[in-house]
Structure formats: C-alpha cells, structure tokens
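The values are calculated or read from the model by the stated rules, or taken from the named source; none is laboratory data. Values in this document were obtained by computation on a predicted structure and should not be read as measured data. Using ideal geometry, Cβ is built from the backbone for each residue, glycine included, and neighbour counts are taken over all protein chains shown.
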Amino acid sequence: MSRLVVVSNRMPLGDKPSGGLVVALKDTMEERGGLWVGITREDASFTGAEMPRSQGLENHPGGPFERKSCSIEASLYDDYYLGYANSVLWPLCHGRTDLLDLRLSFREAYLEVNRQLADALARELRPDDVVWVHDYHLFPLADALRRKGVFNPIGFFLHIPFPSSANVGALSNAGELAEWLSSYDLVGLQTNRDVASCLEVFRTLKESEFLMDGSVRYRDRTVDLKSFPIGIEASAFQKIAQNAEPLPRAAHGPQKLIIGAERLDYSKGLPHRFKAFGHLLETREELRGEVSFVQIASPTREDVQAYREIREQLEQLSGSVNGRFSDINYTPIQYINRMIDRNRLAGLYRHAQVGLVTPLADGMNLVAKEYVAAQDPSDPGVLVLSNFAGAAEQLGDHALTANPYDAAQMADCISQALSMERAERIERHSAMLENVLNEDVDWWASSFLRHLEDKSMGTDFLSLL
Ligand code: G6P
C-alpha cells in the first residue's frame, strides 16, 4: 500500500499563524495519515551536538500522522525563506515585481535548501511512496530528487497565483521555473487562470511540446498541468460556527459588523480596504455610528521590509479613519494586529453582516469559504469578494464582486451588502454554500491524488483516496 508523503516549508509545529496551506494540509493528513516533512530553521544557539545537521530528518512524535523536519542552518534558511522565497518568488507571484530583491546569494540558498531537503528525503522514501510537494518554497524539489535517482510519483501544488510570463521574465534565470516544474508528474494550480499562465511560461521554452491531452512534454519528461481549487473542511467549520457564542452587542458597539481576517500581507489589499471603508463613512453619513469594521491582521514575515512598511501604513490609515469618525461610544475600525483563535474567528464570521475578502492577488483565499460556511443559512451575511482572489472562479457569480483598486465602487458594494434583503442574501448564500460543501478539502485532495494516480499507473494509490 502506498504511503502519502507531504512536503512543505511550513508544518504545524507550535502556535505560529499558519495560513491556508497548513490549515488545508492538516485536515488532509488527519483524514489520510502518512508522513509530513517540513523545514525548520536551526537555532543559532544550538551547538549541533545532539542533532547533527544533514543527517536526515528529525522526528516530531504525536498525532494521527508522522511529522519529520529537515533542519537548515539559520543564515542559509534566512536567505532561502526571507530572501528567495519571500523577497523574490512571493512578490513575483503576486504581481509585485517592484518589490523583487534579486541577489545571487538568495537564489543559491534556495537551491541549496532544496538540495539538502532532497538529500534527506531521498534517504527516507520507500519505493511505493507517493510524494506531494507544496508551494513556492519548493519549486526545484522534484528536480533535485530526480537527480538523486528518485522515481516515485511526485505531484506539486502551488497555493499562490502562478506568475504571468511577462513577470517571470524579470527573474535572473527566467527559464528555470518551467524546467523545475517539468520534473513533477502533475502540477496542480488553484484556478484556470493560473493554468493558462503556467502554459504561457512553458511556451517560452523552445523545447516544450504541447500534447493533445493538455499535458506538456519538456525534454524527456511529460507533466500534467491542471487546476484543483483548494477547499476547507466545510461541515466541521460550519459546526464550530453554529456553536459559537453570540457576540454581546457591547462587544462591537453598533448594529452592524463587517469582518476581514488575514495575515498582514501586502497582497491582501488592506490599505485599499481601509480607504474604501473611510470613503463609505465619508459619503454615507447615516452609517456613522451604525456600522463597525473589525479587521484581524495577524503578523507575518516581519523580517522582510515590505511587511514592516505595510504594517505602518495600516496603523496610520486606521488611526486617520478612526480619528475622523469615532465618537465616545463608537470606534469605526477595530484593527487587531494579532493572531486570534479559530473558534473565536468562526463566531465573528457568523455574526458579521458582511465579510470583506478583497485581495489584490490571492491564490484561493480560504477566508472567503470559511465566511460562507460560518453563516446561518436562514439569515446569512453577504460576501464581498475581489475578482483577484482565486475563490472568485467558484464563488464570484453569487458574491458581490468588488474591485479593490476602486474605493468608491468598493464602498458602494459594502453599502449594497449592508442593505441587502434577506431573500437575496439567502439565494446568494445557498449557491455559495453548496459549492463550499461539495468542493471541500477532502474533494480537493482526492481529486489531486486520483489524477496523480492516473499519471503514474502501477502505483497502488487506493489507500490514499
Ligand atoms: C501562504 C502560503 C503558505 C504559507 C502561508 C503562511 O498561505 O501559500 O505557503 O505557509 O502563507 O506564511 P509563512 O511564511 O508564515 O509560512
């Protein structure tokens, strides 16, 4: 029987804010079992005596699936994680080429970490393991594994948007992204738009051949590219929200509550959102004192300059909107720059009349799906969703779609959401809920693994599906 081996940079260890990848994979691994391999930054104070580096993987016992980590020396880790992954690939994939920090040392560290991980993993793998690699930290991992003679089926899933080929051209070694991907058997992306961008990038390589079944042949390998929109553990989240305590009115003051929740990332469009909310209060006096906006923005990647800047910008913007429209009993924006517990979050979603999910670029955005799952179907809130979130491919027809760059249009959208009749709210919500429940995280993992199985005839995947 095959064993599922999931590989990602971050894995659930400790209580750091985790983001969509860890939430989705944790549900997948709890359901299926297997091994999850992650990467940890070796503590600088650590002498190395008890745990020699590059000697394989460290075990983290406990829980329904196995967890092992590959420990990377701190300064190498920083050049890989803060450097190439989050100061090159993340801005690139989110359309922010202005933020690219191209340094040779970053790219070398990125390749080196992938090589070290491949080395440790190659020693761990059994012949019938199925390997599923996740996200932009590990684009070159299959290439590194193949070079070490690993022939197992290897799938890859990118949780964030695939960059446009014009933007990929801004990299120092533009061709290598597609080359790395060609070592996988299956590359899963969030949306059809991402598949189109990925094909476009392959088109820039002369040796690519496009086959009738949609796969791409590059040199001696064939890779399938397909969208698998990620989902949430919808019915479980629904139950958490149902059981959440009602919010005491005093907790949020006015009648109506708008909620936003994400990592404090520049891709999420938070300054645009704060400005749109300011515009709403500016242009619709009757809403002052009647609606408050709770924004949870958990700190993330604070050693990267662009993240420190966005934080300052938000503090300034929330201060200016609040300074202008607050009253003794009224704080328009409640800006919470901390991580909050998922159960509490589910309750906040349920009791908020409007959920704002308005990123400038986002792979999927699971908050959109969680907000839908958390609603009371007989009196649901309204999701305001940007077209730049991957979730718009599934939910865009029934959410109110907003253009995050246009403050006046977004303010109109919020105002329409606040005054929407119950019948329309129910109609829109039930269509979205059906999608969120059907295409949940289990559906996502099964569809991906089934497809990988089709590509790798001969491996017995049955135990994984
Ligand atoms: C996004 C990425 C994940 C990442 C998460 C949290 O969801 O797709 O790969 O784990 O953000 O970011 P962090 O840098 O803290 O792992």
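Here is a list: Lys268, Lys275. Which entry is away from the ligand (no atom under 16 Å from the Cβ) and charged (D, E, K, R)? Before the answer, list the steps.
Numbers: Lys268 fails: away from the ligand (no atom under 16 Å from the Cβ).
Sole residue among the options that is away from the ligand (no atom under 16 Å from the Cβ) and charged (D, E, K, R): Lys275.
May I ask you to list the residues in the stretch 377-415 that are part of a helix (DSSP H, G or I) and under 20 Å from Leu270 (Cα atoms)? Please lay out each step first, then the result.
Restricting attention to the stretch 377-415, the residues satisfying the condition of being part of a helix (DSSP H, G or I) are 392-395, 407-415.
Passing the criteria: Ala392, Ala407, Ala408, Gln409, Met410, Ala411, Asp412, Cys413, Ile414, Ser415.
Of the residues that sit in the stretch 65-104 and are of a type in the set (Gly, Ala, Ser) and not in a strand (DSSP E or B), which one is nearest to the ligand (Cβ to nearest atom)?
Step one: filter the stretch 65-104 for residues of a type in the set (Gly, Ala, Ser), giving 69, 71, 74-75, 83, 85, 87, 95.
Restricting the remaining residues to those that are not in a strand (DSSP E or B) gives 74-75, 83, 85, 87, 95.
Values: Ala74: 16, Ser75: 18, Gly83: 13, Ala85: 8, Ser87: 12, Gly95: 15 Å.
If we take residues in the stretch 65-104 being of a type in the set (Gly, Ala, Ser) and not in a strand (DSSP E or B), then Ala85 is nearest to the ligand (Cβ to nearest atom).
Tally the residues that are in contact (Cβ under 8 Å) with a residue 40 or more places away in the chain, away from the ligand (no atom under 16 Å from the Cβ) and under 30 Å from Leu360 (Cβ atoms), restricting the search to the stretch 105-125.
So in the stretch 105-125, the residues in contact (Cβ under 8 Å) with a residue 40 or more places away in the chain come out as 107, 113, 116-117, 119-121, 123-125.
Remaining after also requiring away from the ligand (no atom under 16 Å from the Cβ): 107, 116, 119-121, 123-125.
Retained after the next criterion (residues that are under 30 Å from Leu360 (Cβ atoms)): 107.
Here the count works out to 1.
Out of all the residues in the stretch 134-151, which are touching a helix residue (DSSP H, G or I) at 6+ places or on another chain (Cβ under 7 Å) and among the basic types (Lys, Arg)?
Within the stretch 134-151, Lys148 is the sole residue that qualifies.
Return the only residue of Ala408, Ala373, Ala417, Ala352 being closer than 28 Å to Val195 by Cβ, at pLDDT 95 or above and not charged (D, E, K, R).
Numbers: Ala408 fails: closer than 28 Å to Val195 by Cβ; Ala417 fails: closer than 28 Å to Val195 by Cβ; Ala352 fails: closer than 28 Å to Val195 by Cβ.
Only one candidate qualifies: Ala373.
Determine whether the stretch 197-214 contains at least one residue that is crowded, with 19+ Cβ neighbours inside 10 Å, at negative phi, out of contact with any helix residue (DSSP H, G or I) (no Cβ under 6 Å at 6 or more places or on another chain) and modelled with pLDDT of 95 or more.
Residues of the stretch 197-214 crowded, with 19+ Cβ neighbours inside 10 Å: 197-198, 201-202.
Now narrow it down to the ones that are at negative phi: 197-198, 201-202.
After this cut, where a residue has to be out of contact with any helix residue (DSSP H, G or I) (no Cβ under 6 Å at 6 or more places or on another chain) as well, the list is 197-198.
This time we only want the ones that are modelled with pLDDT of 95 or more, so: 197-198.
Scanning the stretch 197-214 turns up at least one residue that is crowded, with 19+ Cβ neighbours inside 10 Å, at negative phi, out of contact with any helix residue (DSSP H, G or I) (no Cβ under 6 Å at 6 or more places or on another chain) and modelled with pLDDT of 95 or more.
When only residues in the stretch 140-175 that are in a helix (DSSP H, G or I) and either within 16 Å of the ligand (Cβ to nearest atom) or in contact (Cβ under 8 Å) with a residue 40 or more places away in the chain (or both) count, which is farthest from Ile39 (Cα to Cα)?
So, considering only residues that are in a helix (DSSP H, G or I) and either within 16 Å of the ligand (Cβ to nearest atom) or in contact (Cβ under 8 Å) with a residue 40 or more places away in the chain (or both), the one farthest from Ile39 (Cα to Cα) is Asn167.
Filtering the stretch 5-42 down to residues that are within 14 Å of the ligand (Cβ to nearest atom), touching a Pro at 6+ places or on another chain (Cβ under 8 Å) and not hydrophobic (A, V, I, L, M, F, W, C), which residue is modelled with the lowest pLDDT?
So, considering only residues that are within 14 Å of the ligand (Cβ to nearest atom), touching a Pro at 6+ places or on another chain (Cβ under 8 Å) and not hydrophobic (A, V, I, L, M, F, W, C), the one modelled with the lowest pLDDT is Pro17.
Go through the stretch 315-348 residue by residue and tally those that are over 30 Å from Phe237 (Cα atoms), hydrophobic (A, V, I, L, M, F, W, C) and loosely packed, with under 15 Cβ neighbours inside 10 Å.
1
In the stretch 180-190, is there at least one residue being among the β-branched types (Val, Ile, Thr), within 22 Å of Gly38 (Cβ to Cβ) and touching a residue at least 24 places away in the same chain (Cβ under 8 Å)? Outline the logic, then answer.
At the first step, the residues of the stretch 180-190 found to be among the β-branched types (Val, Ile, Thr) are 187.
Checking the rest, the ones that are also within 22 Å of Gly38 (Cβ to Cβ) come to 187.
Still in the list and also touching a residue at least 24 places away in the same chain (Cβ under 8 Å): 187.
Yes - at least one qualifying residue is present in the stretch 180-190.
Anything in the stretch 298-324 that is without any contact (Cβ under 8 Å) to a residue 12 or more places away in the chain and closer than 19 Å to Tyr77 by Cβ? List them, or say none.
Answer for the stretch 298-324, where residues must be without any contact (Cβ under 8 Å) to a residue 12 or more places away in the chain and closer than 19 Å to Tyr77 by Cβ: Glu302, Gln305.
Give me the residue from the stretch 126-139 that is outside any strand (DSSP E or B) and of a type in the set (Phe, Trp, Tyr) and, out of that set, farthest from the ligand (Cβ to nearest atom). Working first, answer last.
Step one: of the stretch 126-139, the residues outside any strand (DSSP E or B) are 126-129, 135-139.
If we keep only those that are of a type in the set (Phe, Trp, Tyr) as well, we get 136, 139.
Details: Tyr136: 7, Phe139: 12 Å.
This residue is Phe139.
Consider the stretch 85-120. How many of its residues are among the β-branched types (Val, Ile, Thr) and either in contact with a His (Cβ under 8 Å, 6 or more places away or on another chain) or farther than 16 Å from Asp265 by Cβ (or both)?
We begin by selecting, within the stretch 85-120, every residue among the β-branched types (Val, Ile, Thr); these are 88, 97, 113.
Then drop every residue that is not either in contact with a His (Cβ under 8 Å, 6 or more places away or on another chain) or farther than 16 Å from Asp265 by Cβ (or both), which leaves 97, 113.
Number of matching residues: 2.
Spot the failing condition for Ser292; the list is (1) under 29 Å from Arg96 (Cβ atoms); (2) in contact (Cβ under 8 Å) with a residue 12 or more places away in the chain; (3) more than 16 Å from the ligand (Cβ to nearest atom), and only one is missed.
It fails just one condition, (1).
So is Lys268 in contact with a strand residue (DSSP E or B) (Cβ under 8 Å, 6 or more places away or on another chain) and within 28 Å of Asp442 (Cβ to Cβ) or not? Please lay out each step first, then the result.
Numbers: in contact with a strand residue (DSSP E or B) (Cβ under 8 Å, 6 or more places away or on another chain): yes; within 28 Å of Asp442 (Cβ to Cβ): yes.
For Lys268, the condition - in contact with a strand residue (DSSP E or B) (Cβ under 8 Å, 6 or more places away or on another chain) and within 28 Å of Asp442 (Cβ to Cβ) - is met.
What are the residue pairs meeting all of these: first residue in the stretch 126-138, first residue more than 24 Å from Glu176 (Cα to Cα), second residue more than 16 Å from the ligand (Cβ to nearest atom), Cβ atoms under 6 Å, and 6 or more apart or on different chains?
Asp128/Ser2; Asp129/Arg3; Asp129/Val5; Asp129/Asn152; Val130/Ser2; Val130/Leu4; Val130/Pro153
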